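Here is the structure we will look at, set down as structure tokens.
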Amino acid sequence: MAQRSDNTRTAPKVLPLRFVDGDRARSPHGLTWHRGLRTAGVWERFPLAPEAGALTDGQLRMALSGQDGWLFIPDLPTMNAPLPGVACATVEQIQRLELRPATGAAMYAFGLGQVQAFLGNEQGTRREAPLPAGLRLADVRATLAGVRARRSSAGVTYHRAGGRAYVRYAFGSTLHTHIYLLTCAPE
């Protein structure tokens, strides 16, 4: 987590290795950009503002790496949909995952409780932590393996094309989904 000289926390620079449609980014001025809103692979401002134009993945990555205050929010699969990617059924499969060329990962945690589900929420809300936790690749493997070892009913998948791993498990009356977004170093 980055610290400024006035001791306030700023969002760490999260540079996703890959983007998928459904991802969002919020600028320091509060403008929100959605990937794949109307056109697959294109970042468009929402609410729609034709004068703003569209961004490419490269342009958004430059914005995320250059200017402080950008917030990246990965696409979250609905609770009714299977987790994207290939299932990792054993700890050995997790240890063999090819995570390179990523240099790290950012963890995003979401929870969906009974009341939210009853009210029609199919995704849940992001946990209280306002900033994603930064992890080393070894930490990602250890975390995924730990979840697999402790919770045999947990869903653990790796979506190489999307550059992320997913974990989903129920604890009490809450369904938890964690996204481990593979990141790259600034160029």
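One chain, two ends: residue 78 and residue 91. Fully extended at 0.36 nm per residue, the span grows by 2.1 nm beyond their Cα-Cα distance. Computed on protein heavy atoms with a 1.4 Å probe, the accessible areas place 68, 23 in the order 68, 23, largest first. Using all pairs of distinct alpha-carbon atoms, the Kirkwood hydrodynamic radius of the stretch 145-187 works out to 11.6 angstrom.
The values are calculated or read from the model by the stated rules, or taken from the named source; none is laboratory data. These numbers were taken from a predicted model, which means no experiment stands behind them. Accessible surface areas use protein heavy atoms only, side chains included; no ligands, DNA or RNA. Shrake-Rupley method; radii C 1.70, N 1.55, O 1.52, S 1.80 Å.
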